[in-house]
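Peer 1: Have a look at the structure that comes next, please.
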C-alpha cells in the first residue's frame, strides 16, 4: 500500500495474414467525448514488412494496401472487443474498412453456430457504408493470388473458397479477369449505403448500375447525406467574437439552426469587414513568410539567384485554392489563358492575388506533373509577386487559407467532386465561393451567396468543357467579382460585397454544418439500423435465418417468374388526374404472391421508346386464372405529355431493409 501503481501492459491485437502473425499496439486518443483508437505495427514482434504496415498511409503497392486494410478492419474489430465495446451499428467510410464486416461475420458464425450467409445478413443489418469516391480508379483492387495468399486461411475459417469470395468483390461476378474491389464487397455487405452529396449519389448510382440490371438510376439502392463541417473548429476567433456578440450563444450550441444565423444581419458592415480584413492580412503575412523560407531554400540549393520582391499585398483581393492535385480537380484551369490571367492579377488599380496550396497523391504522376507545370508557368510568365504556392500543405495552412481568403476557388470537372468541404470552411469566415456546380456547391449555390462557374452542363469532350468553364471563370472575375470587391462607398466599404458575405454566412453555415450532418445520419441511418440489427439478431438470429432462407429460395426460383399478359386500353388520350385500368397475369412458379410485388412502371416516353426515371404503381392480387396470378390496379396520369408503361415483378419481404435490396426484377416482354 502506498507504493506506485504499475501501468497496465500495452494492449496489443494480432491478425494473421500471408502466413505470418502481425501484432499491433493500440494507442488511445481522447477527442472530446470520443475515444479514438490507433493501431501501430512498428513492434519488435513483427518482421520488417509487418513493422512498416502502419508507417505510411498512401505508400507502397497493392500488397501494402491489403495488409493495411486487413489490420484496420479485422484488427479494428478485435480492438473494440478488447476494450469492451460492442456497438450495434458500424459505419464504414470507404471500402478500406470492409474487412471489419468479415470479422463480425466470423464472430457471429462462431457464437451462434450459423453459416456464412446467415451471419453476413445479420452483420449487414448493423452496417452503413459511405462512399466518398466518384471514379472507379479511386477504389483499391487486388488480384486473386494476393487475396489467396493473405486471406486463404481466414476464408477457410469462414467456409468460403477463394473464387466464391472473389465473386463478391467483382463488379461482374462471372468475369474471372476482374480484380477484387473492396468497394464492391462493401456495397454487397451493407444494405444501407450513402453518397456524400446529392450529385455524388447520381454518379455513384451510375457506378452501381451493373449490379442492378433492369433498374433505373433513380432506383439504385443508395441515398445521400451531404457532408458538413465542425464550424467551431474552422471559424476564426475574430469572427467567433462577432458571432458571440451579435448572434448570442446559440450558434455554438446548435450550428445547424437557421434561426441562430438570421442575426448575422445585425453585425455592422464596418465590423464584419474589418474582422475579415484582419484575417486576410494575417494570411498574407503568413504566406509571405512561407514564400521567403521557400525562396531561401531554393537559393541555398542554387536553383534561383538574386533577391525577390516580397509577394502579395494585404489589401488586394485574395483568391485561395487548396486541394489535392488530382487531374479532375483542374488546378490549371485558371492558368489556361495566362495572358488573360495576368491582366486580371496585375491591374494597377484593382490588383488580384492567388495563394495556392496542395499536394499530389504519392502515386499520382499526372498530378505531380501538373503541379510542376504550374510552378514553371508562374516563374516563367512573371506574375510571381501575385501568386504564391505554399509547400507541404497541412491542416495549419488550411486553417490560414480558409479563414483569410476573400474568394475560394474550386474548379473540378463535374461530376467528379464527391462533396468538397474546404469551401464550407470559408463561409463562416466571410469568404465567398467561386466554384463549378459540383459536389456541395451544386446544392448550396444561389444568386447572392457566391458565384457559379458554368450552368451545370456536362460535355463529352473534356477539352471543350475546360474551354467553356475557363471562359466563365475569366468573365466572372473581370466583370463581376473584381469590380464588386473594389466598389467602395464614401466610408471605404464594399457594401455589395459585404451583403454577399452576410448572405453566405446566414444561408449556408447552418445547412453545411456537421451538426446537421450528424442529425441526418442519426435519424435516417443509425437509429433505424440499430433497431433493424436488434430485430434480426434476436432469438439467436432467428430472423436472419428466416430471411436468408427466403432470399435463397427466391434466387433459386426467380427464373420461373414471368409476366404473361398485360391488358390495358390501347393508345388513348386521358386528362391529367384520370386513371388507366391495368390488368396483368403473372406466373410465379414455386413462389407465392406474398413473395413478390407487381407494379406498373410509368414514365415519359423517350425518343428511343425507353422508360427511364419513372414512377411505380403497385397492383393488387385479384385471384388465380389457372396457373396464372391476376393483378389489377389503376395508373394515375400526373402530368401532360407522352407516357409509356410496363409491368414488372419484384421480390418482396416485410423484413427487407430497403426497396430493391435484392437486385432481381422481371419485366413484361415487349413485342
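The values are calculated or read from the model by the stated rules, or taken from the named source; none is laboratory data. Predicted, not measured: the structure shown is a model, and the values here were computed from it. Please note: Cβ atoms are built from the backbone with ideal geometry, for glycine as well, and neighbour counts cover all protein chains shown.
Peer 1: Among the residues of the stretch 612-660, count how many are outside any loop (DSSP other than H, G, I, E, B) and in contact (Cβ under 8 Å) with a residue 40 or more places away in the chain. Explain how you work it out, then say what you get.
Peer 2: Within the stretch 612-660, the subset outside any loop (DSSP other than H, G, I, E, B) is 615-618, 620-625, 628-636, 643-651.
Subset that is in contact (Cβ under 8 Å) with a residue 40 or more places away in the chain: 625, 628-636, 643-651.
Selection size over the stretch 612-660: 19.
Peer 1: Scanning the stretch 26-44 for residues that are free of Cβ contacts under 8 Å to residues at least 40 places away in the same chain and in contact with a helix residue (DSSP H, G or I) (Cβ under 9 Å, 6 or more places away or on another chain), which turns out nearest to residue 73 (Cα to Cα)?
Peer 2: 41
Peer 1: Just the residues that are buried (at least 21 other Cβ atoms within 10 Å of the Cβ) and part of a helix (DSSP H, G or I), please, taken from the stretch 79-96.
Peer 2: Listed by number, the list holds a single entry, 95.
Peer 1: Would you confirm whether or not the stretch 634-649 contains a residue that is in contact with a helix residue (DSSP H, G or I) (Cβ under 6 Å, 6 or more places away or on another chain), crowded, with 19+ Cβ neighbours inside 10 Å and within 22 Å of residue 588 (Cα to Cα)?
Peer 2: Let us first name the residues in the stretch 634-649 that are in contact with a helix residue (DSSP H, G or I) (Cβ under 6 Å, 6 or more places away or on another chain), namely none.
The answer is no, given that none of the residues of the stretch 634-649 is in contact with a helix residue (DSSP H, G or I) (Cβ under 6 Å, 6 or more places away or on another chain), crowded, with 19+ Cβ neighbours inside 10 Å and within 22 Å of residue 588 (Cα to Cα).
Peer 1: Just checking: which of the helices (runs of 4 or more DSSP H) contained wholly in the stretch 211-255 hold 3 or more residues that are surrounded by 18 or more Cβ atoms within 10 Å (Cβ to Cβ) and not assigned by TED's automatic domain parsing to the domain that holds residue 614? Walk me through it before giving the result.
Peer 2: Numbers: elements: 231-234, 237-247, 250-253.
Of the helices (runs of 4 or more DSSP H) lying wholly inside the stretch 211-255, those with at least 3 residues that are surrounded by 18 or more Cβ atoms within 10 Å (Cβ to Cβ) and not assigned by TED's automatic domain parsing to the domain that holds residue 614 span 237-247.
Peer 1: Just the residues that are in contact with a helix residue (DSSP H, G or I) (Cβ under 7 Å, 6 or more places away or on another chain) and either surrounded by fewer than 21 Cβ atoms within 10 Å (Cβ to Cβ) or outside any helix (DSSP H, G or I) (or both), please, taken from the stretch 256-271. Don't jump to the end; show me each part of the working.
Peer 2: The first filter runs over the stretch 256-271 and keeps only residues in contact with a helix residue (DSSP H, G or I) (Cβ under 7 Å, 6 or more places away or on another chain), leaving 256-257, 260-267, 269, 271.
Scanning the stretch 256-271 gives 256, 257, 262, 263, 265, 266, 267, 269, 271.
Per-residue answers, yes or no, for (1) surrounded by fewer than 16 Cβ atoms within 10 Å (Cβ to Cβ); (2) touching a strand residue (DSSP E or B) at 6+ places or on another chain (Cβ under 7 Å):
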{"residue": "47", "(1), (2)": "yes, yes"}
{"residue": "57", "(1), (2)": "yes, no"}
{"residue": "68", "(1), (2)": "no, no"}
{"residue": "147", "(1), (2)": "no, yes"}
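Peer 1: Moving to a separate point now. Scan the stretch 531-543 and give yes if some residue there is in contact with a strand residue (DSSP E or B) (Cβ under 7 Å, 6 or more places away or on another chain), surrounded by 19 or more Cβ atoms within 10 Å (Cβ to Cβ) and not in a loop (DSSP other than H, G, I, E, B), otherwise no. Show your work before the answer.
Peer 2: Going through the stretch 531-543, the residues in contact with a strand residue (DSSP E or B) (Cβ under 7 Å, 6 or more places away or on another chain) turn out to be none.
Checked the stretch 531-543: no residue is in contact with a strand residue (DSSP E or B) (Cβ under 7 Å, 6 or more places away or on another chain), surrounded by 19 or more Cβ atoms within 10 Å (Cβ to Cβ) and not in a loop (DSSP other than H, G, I, E, B).
Peer 1: In this structure, does residue 180 turn out to be touching a strand residue (DSSP E or B) at 6+ places or on another chain (Cβ under 6 Å), without any contact (Cβ under 8 Å) to a residue 60 or more places away in the chain and under 15 Å from residue 67 (Cα atoms)? Reasoning before the result, please.
Peer 2: Values: touching a strand residue (DSSP E or B) at 6+ places or on another chain (Cβ under 6 Å): yes; without any contact (Cβ under 8 Å) to a residue 60 or more places away in the chain: yes; under 15 Å from residue 67 (Cα atoms): yes.
Judged against the criteria, residue 180 is a match.
Peer 1: Select from the stretch 112-144 the residues that are without any contact (Cβ under 8 Å) to a residue 40 or more places away in the chain and within 30 Å of residue 412 (Cβ to Cβ) and write down the one among them that is farthest from the chain's Cα centre (by Cα).
Peer 2: Of all residues in the stretch 112-144, those without any contact (Cβ under 8 Å) to a residue 40 or more places away in the chain come to 113, 137-138, 144.
Remaining after also requiring within 30 Å of residue 412 (Cβ to Cβ): 137-138.
Working: 137: 15, 138: 12 Å.
The extreme case among them is 137.
Peer 1: Could you tell me which of the residues 577, 570 is at pLDDT below 95 and out of contact with any strand residue (DSSP E or B) (no Cβ under 8 Å at 6 or more places or on another chain)?
Peer 2: On the way: 577 fails: out of contact with any strand residue (DSSP E or B) (no Cβ under 8 Å at 6 or more places or on another chain).
Just a single option satisfies the conditions, and that option is 570.
Peer 1: For the stretch 388-398, state whether one or more residues are assigned to a helix (DSSP H, G or I) and touching a helix residue (DSSP H, G or I) at 6+ places or on another chain (Cβ under 6 Å). So that I can check it myself, show each step before the final result.
Peer 2: Start the filter on the stretch 388-398 by keeping residues that are assigned to a helix (DSSP H, G or I), which leaves 395-398.
From what's left, touching a helix residue (DSSP H, G or I) at 6+ places or on another chain (Cβ under 6 Å): none.
Taking every residue of the stretch 388-398 in turn, none turns out to be assigned to a helix (DSSP H, G or I) and touching a helix residue (DSSP H, G or I) at 6+ places or on another chain (Cβ under 6 Å).
Peer 1: Here's something else I'd like to know. Among the residues of the stretch 544-576, write down those that are outside any helix (DSSP H, G or I) and touching a residue at least 24 places away in the same chain (Cβ under 8 Å).
Peer 2: Within the stretch 544-576, 561, 562, 563, 564, 565, 566, 568, 574, 575, 576 qualify.
Peer 1: Being within 16 Å of the chain's Cα centre (by Cα) and at pLDDT below 95 is true for just one of 206, 198, 193. Which residue is that? Outline the logic, then answer.
Peer 2: Working: 198 fails: at pLDDT below 95; 193 fails: at pLDDT below 95.
The conditions single out 206.
Peer 1: Might you check whether a residue that is part of a strand (DSSP E or B) and surrounded by fewer than 14 Cβ atoms within 10 Å (Cβ to Cβ) occurs anywhere in the stretch 577-600? Full working, then the answer.
Peer 2: Let us first name the residues in the stretch 577-600 that are part of a strand (DSSP E or B), namely 579-587, 596-600.
Filter once more, so that each one left must be surrounded by fewer than 14 Cβ atoms within 10 Å (Cβ to Cβ): 579, 581.
Yes, the stretch 577-600 has at least one match.
Peer 1: Within the stretch 145-181, count every residue that is more than 23 Å from the chain's Cα centre (by Cα), farther than 21 Å from residue 21 by Cα and part of a helix (DSSP H, G or I).
Peer 2: 5
Peer 1: Next up: All but one of (1) in contact with a helix residue (DSSP H, G or I) (Cβ under 6 Å, 6 or more places away or on another chain); (2) part of a helix (DSSP H, G or I); (3) surrounded by 18 or more Cβ atoms within 10 Å (Cβ to Cβ) hold for residue 507; state the number of the condition that does not hold.
Peer 2: Exception for residue 507: condition (1).
Peer 1: Out of all the residues in the stretch 176-197, is one or more assigned by TED's automatic domain parsing to the domain that holds residue 117, within 30 Å of residue 504 (Cα to Cα) and surrounded by fewer than 20 Cβ atoms within 10 Å (Cβ to Cβ)?
Peer 2: Residues of the stretch 176-197 that are assigned by TED's automatic domain parsing to the domain that holds residue 117, as a first pass: 176-197.
Now drop any that are not within 30 Å of residue 504 (Cα to Cα), which leaves 194-197.
Next, only the ones that are surrounded by fewer than 20 Cβ atoms within 10 Å (Cβ to Cβ) stay: none.
Scanning the stretch 176-197 turns up no residue that is assigned by TED's automatic domain parsing to the domain that holds residue 117, within 30 Å of residue 504 (Cα to Cα) and surrounded by fewer than 20 Cβ atoms within 10 Å (Cβ to Cβ).
Peer 1: Could you list, in sequence order, the residues of the stretch 17-36 that are at negative phi and crowded, with 16+ Cβ neighbours inside 10 Å? Before the answer, list the steps.
Peer 2: Step one: of the stretch 17-36, the residues at negative phi are 17, 20-31, 33-36.
Of everything in the stretch 17-36, those that are at negative phi and crowded, with 16+ Cβ neighbours inside 10 Å turn out to be 17, 22, 23, 24, 25, 26.
Peer 1: Which pairs have Cβ atoms under 6 Å, sit 6 or more apart or on different chains, and link a residue in the stretch 296-321 that is surrounded by 10 or more Cβ atoms within 10 Å (Cβ to Cβ) to one that is in a loop (DSSP other than H, G, I, E, B) and at pLDDT 90 or above?
Peer 2: Once the first residue is surrounded by 10 or more Cβ atoms within 10 Å (Cβ to Cβ) and sits in the stretch 296-321, its partners that are in a loop (DSSP other than H, G, I, E, B) and at pLDDT 90 or above give 316/351; 317/406; 318/405; 318/406; 320/405.
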